[in-house]
Every structure is written in C-alpha cells, then in structure tokens.
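The values are calculated or read from the model by the stated rules, or taken from the named source; none is laboratory data. Here the structure is a predicted model, which is why all the values come from computation and not from measurement. In this analysis, Cβ positions are derived from the backbone assuming ideal geometry, glycine residues included, and neighbour counts consider all displayed protein chains.
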Amino acid sequence: MSGPEGSLYALEWNNNISVASITLISYEYMLQLEKEITFVWDRPWSAMSYIYLVVRYFGIVVAMTCACWGGLVYMPEGAPDLLRLTSGLVVSYSMFLFVQWGFSVYLCLAKVILIWRLYALCNQSKRILYISLGLFLPIVVLYIAVDIFLWSRPSAISMQEITITPNVKYCTYFFHVGPMPAVYAAIPVICYDIFLVVLAIAVLVKHLKERKELKIKPNAYIVMIVRYHVIYFVL
C-alpha cells in the first residue's frame with residue numbers, strides 16, 4: 001500500500017495507537033495515585049521522594065508526548081506552504097529529540113532509584129554503592145553518546161513531509177543510520193540491568209533464608225522492592 005492510501009492507513013494506525021497509549025498511561029496513573037499519596041505525599045520528604053516524583057511525572061510527560069505524537073505532526077492548512085513545511089519539520093524534529101533525550105534521562109533517573117534501593121537493601125553497603133555507581137557512570141556517558149550520534153545529527157535522521165490531501169499534510173522522520181549502533185549500545189545497558197536485578201534477587205534469597213531459619217515472615221518491603229526491580233528489568 002503506497003501513496004495517499006498508505007499515508008492515510010499509517011495515520012489511522014498512529015491515531016489508534018495514540019489513543020490506546022494515552023488510555024493506558026492515564027489508567028496506570030490513577031491506579032498508583034492512592035499509593036503515591038500514602039507512601040510519598042503523606043510521609044516526611046527526602047531526596048528519594050524528589051527523585052521519585054521527578055521520574056514519575058517526567059516519565060508521564062515524555063510518554064504522553066510520544067503517545068500524542070506517534071511519529072506524525074500535523075501542519076495547519078491555513079499557514080503558507082513554506083512556513084507550514086518549515087514549522088512542521090522544526091516541531092517534528094524538536095519533539096523527536098525531546099522524546100529520545102527524555103527517555104534517556106528517565107531511564108538514568110530510574111536506575112538511580114534502583115541503585116539507591118539496592119544500597120538500602122544491602123544494609124547501606126558502601127562497596128555495593130561504589131560498584132553500582134562506578135558501573136552506572138559509563139552507562140550515562142553511553143546514553144549521551146547515543147543520543148548525540150543517532151538522534152541529534154542531521155545526517156543521521158531527517159524529517160519529511162507526507163501529503164494525505166492537498167490541505168492535510170504531516171511530518172514524519174526517517175533514519176539514515178542502520179540499527180547496529182543502537183544494538184551495540186544496548187548491550188552494556190542490558191548487562192547493567194541484569195547486574196542490578198541479579199543483585200536484588202540475591203539479596204532477597206538471602207533474606208528469605210534468614211527469615212525461614214528464624215521462622216519469621218519475610219519483610220514485605222524487601223519483597224516489594226525486589227519485585228519492582230524484576231518488573232523494571234522485564235519491561
């Protein structure tokens with residue numbers, strides 16, 4: 001399928017996926033709101049509280065932007081052709097950069113929370129903290145390098161106008177770099193995530209053994225934290 005029909009089909013899919021994504025994001029937010037009020041807003045504030053709120057609400061903004069955009073940006077039909085094309089391309093490229101850099105910032109902050117939780121689970125072990133941070137810093141550098149090399153260079157990505165009707169036009173993006181740089185860059189990140197989740201599971205296993213010997217129920221917070229580590233890794 002090509003031509004106007006293909007563009008219209010892509011637009012329809014874009015709109016359907018956007019509606020579904022916005023619905024899921026809103027539903028997840030409403031589900032977690034009560035817990036957020038109980039465990040964050042109604043408790044004494046700490047550095048972790050601020051980091052959590054930044055991660056949560058910045059992540060929602062990035063996810064909503066990605067969902068509302070979906071890769072296509074509408075260009076108003078009332079604007080002159082050149083202005084409409086220029087402004088549409090600029091807005092499209094700006095939103096694309098915001099989403100890509102935003103996801104990187106979100107993932108880095110989320111990993112900071114995971115490291116902080118592991119630090120608490122390991123009885124505030126300085127060794128665990130230093131090792132985790134020492135391995136995390138190259139990951140941050142890698143995220144920045146990928147965002148610059150793959151997303152921020154005009155030679156790596158470009159915006160293009162798509163005409164559906166004479167009065168309805170959209171912008172979308174096209175990559176000029178193969179997928180292998182992104183694949184290679186993802187390997188260290190995945191390895192680091194595996195390190196975090198394995199460490200969390202090891203702490204949980206040790207905790208369960210100790211509680212079993214003492215015939216005491218496991219600490220619900222430790223189980224919950226490790227569960228979130230695993231969910232983060234899977235997702």
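When Val105, Val99, Val55 are checked against the criterion of being modelled with pLDDT of 85 or more, in contact with a Cys (Cβ under 7 Å, 6 or more places away or on another chain) and buried (at least 16 other Cβ atoms within 10 Å of the Cβ), a single residue qualifies: Val99.
Residues being farther than 14 Å from Val99 by Cα and part of a loop (DSSP other than H, G, I, E, B) are entirely absent from segment 50-61.
Check Leu150, Leu142 and return the single one that is touching a residue at least 12 places away in the same chain (Cβ under 8 Å), over 16 Å from Ala110 (Cβ atoms) and buried (at least 16 other Cβ atoms within 10 Å of the Cβ). Break it down stepwise before answering.
On the way: Leu142 fails: over 16 Å from Ala110 (Cβ atoms).
None of the other options fit; the residue is Leu150.
The residue pairs whose first member lies in segment 204-228 and is among the charged types (D, E, K, R), whose second member is outside any helix (DSSP H, G or I) and surrounded by fewer than 10 Cβ atoms within 10 Å (Cβ to Cβ), and whose beta carbons are closer than 9 Å, counting only pairs six or more residues apart or on different chains, are Glu210/Ile216; Arg211/Lys217.
Based on this model, can you work out whether Thr163 counts as surrounded by 16 or more Cβ atoms within 10 Å (Cβ to Cβ), in a strand (DSSP E or B) and touching a residue at least 12 places away in the same chain (Cβ under 8 Å)? Working first, answer last.
Values: surrounded by 16 or more Cβ atoms within 10 Å (Cβ to Cβ): no; in a strand (DSSP E or B): yes; touching a residue at least 12 places away in the same chain (Cβ under 8 Å): yes.
Taking the combined requirement at face value, the residue does not satisfy it.
Within segment 143-159, how many residues turn out to be touching a helix residue (DSSP H, G or I) at 6+ places or on another chain (Cβ under 8 Å) and over 19 Å from Val183 (Cα atoms)? Lay out the reasoning, then the answer.
Here is the first cut: in segment 143-159, the residues touching a helix residue (DSSP H, G or I) at 6+ places or on another chain (Cβ under 8 Å) are 143-147, 149-152, 156-157, 159.
In the following step, the residues that additionally are over 19 Å from Val183 (Cα atoms) were identified as 159.
The qualifying residues number 1.
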